[in-house]
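In what follows, a single structure is set out as structure tokens and then discussed.
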Amino acid sequence: MEDKAVLLREIAAEARACADWTGRPRLSARVAAAMEAVPRERFVPPGEMSLAYINAPLPIGHGQTISQPFIVAIMTELLDLTAESSVLEIGTGSGYQAAVLAEIARDIYSIEVIPELAAQAHENLQRCGYERVHLRVGDGHAGWAEHAPYDAIIVTAAAPVIPTALVDQLKAGGRMVIPIGLPGAGQMLTVVEKSASGEIRTKGVLPVAFVPMVHAPAPSGRPTIH
Ligand code: SAH
């Protein structure tokens, strides 16, 4: 698809332009291949399909958005995934980011707080054959303890501080990428590294604008979707 080739060039150009911030002037071959492989048009609402390969976030209902492709690419890059990685995502949304992660890593666990979005993401992922993405409805602040620790954690909604449970569920030597800040007050995409000895180092890498990570009133008790 021609639009996709244009988008991939735009992402590469934006990565170069943001390199002073991110320290990543180029996408690795595996992230570039993942961005190429995932059909983004299958993760946007039918009415938005013609815009799927524009480098912009798009509405997916319930006041939420599928992230801008460049942001998906650079967040994936910053996780330094391998084919063996086990990854936790907070904020499934459309399932698109989870699909990109699944192109590279071994197991993807993703939590979404809005049940209708989780159901739609499940359908999107199934249709595209992403079997190694496991979804669950709930409040991501608590993480997903059963499958912890994770090599990488990606949070696709902004939090004022790094949720403690997520730090606990990160493997020694693991990396987390999370937008930190209050909505409207400026957020900083932040890389959290846990050293082999369990020491935490954080580094702000890029100003970003994400929807806020909300607090669910109570554990929903809903079962895992698949
Ligand atoms: N990664 C998504 C984009 C996510 S937008 C994609 O690729 O399409 C952020 C998502 O985080 C929204 O769907 C929102 O409902 C969800 N969210 C917000 N607070 C949350 C929480 N506490 N736990 C889990 N999901 C949350």
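The values are calculated or read from the model by the stated rules, or taken from the named source; none is laboratory data. Every value quoted in this text rests on a predicted model; they were computed, and no experiment measured them. Neighbour counts run over all protein chains shown; Cβ positions are idealised from the backbone, glycine included. All accessible areas refer to the heavy atoms of the entire protein, side chains included, with ligands and DNA or RNA removed. Shrake-Rupley method; radii C 1.70, N 1.55, O 1.52, S 1.80 Å.
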Given springs between every Cα pair under 10 Å in a Gaussian network model of the chain, which of 149, 46, 207 has the largest fluctuation?
46
Tell me, what HN-Hα J-couplings in whole Hz come from the Karplus equation 6.51 cos²θ - 1.76 cosθ + 1.60 at θ = phi - 60° for each residue of segment 31-41, using x for Gly and Pro?
6, 4, 5, 5, 5, 5, 6, 7, x, 4, 4
At a probe size of 1.4 Å, how large is the accessible area of residue 4, to the nearest 10 Å²?
30
Rolling a 1.4 angstrom probe over the protein chains, ignoring ligands and nucleic acids, what is the accessible area of residue 16 in square angstrom, nearest 10?
150
Given springs between every Cα pair under 10 Å in a Gaussian network model of the chain, which of 67, 28, 85 has the largest fluctuation?
28
Considering the zone a paramagnetic label at residue 48 would reach in this model (a point 7 Å from Cα along the Cα-to-Cβ line), which residues of segment 191-211 have amide N under 19 Å from it?
208-211
Rounded to whole Hz and in sequence order, give me ³J(HN,Hα) for segment 24-29 from the Karplus expression 6.51 cos²θ - 1.76 cosθ + 1.60, θ = phi - 60°, writing x for Gly and Pro.
10, x, 10, 6, 5, 4
Inter-part gap, Cα centre of segment 94-117 to Cα centre of segment 165-184, in whole angstrom, is 16
Counting sequence-distant residues (5 or more places) and residues on other chains, those with an amide H built under 5 Å from that of residue 65 are 60
Residue 134's amide H: which non-local residues (gap 5+, or another chain) put their own amide H closer than 5 Å, with H modeled 1.01 Å from N in plane and none for Pro or chain starts?
108, 109, 110
In whole Å, largest first, what are the principal axis extents of the Cα atoms in segment 1-158?
38, 36, 28
I need the phi-derived Karplus couplings for segment 142-148: 6.51 cos²θ - 1.76 cosθ + 1.60, θ = phi - 60°, integer Hz, Gly and Pro marked x.
8, x, 9, 4, 4, 9, 6
Considering only 139, 20, 107, give the residue with the highest GNM mean-square fluctuation for the chain, with springs between Cα atoms whenever their separation is below 10 Å.
20
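With a 1.4 Å probe and all protein chains left in place, how much of the accessible area of segment 2-208 comes from carbon and sulfur atoms, in whole percent?
Values: 4610 of 8650 Å².
Roughly 53 percent of what the probe reaches on segment 2-208 is carbon or sulfur.
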Once amide hydrogens are built 1.01 Å from N within the peptide plane, the residues lying 5 or more places from residue 150 or on another chain with amide H under 5 Å from its amide H are 170, 171
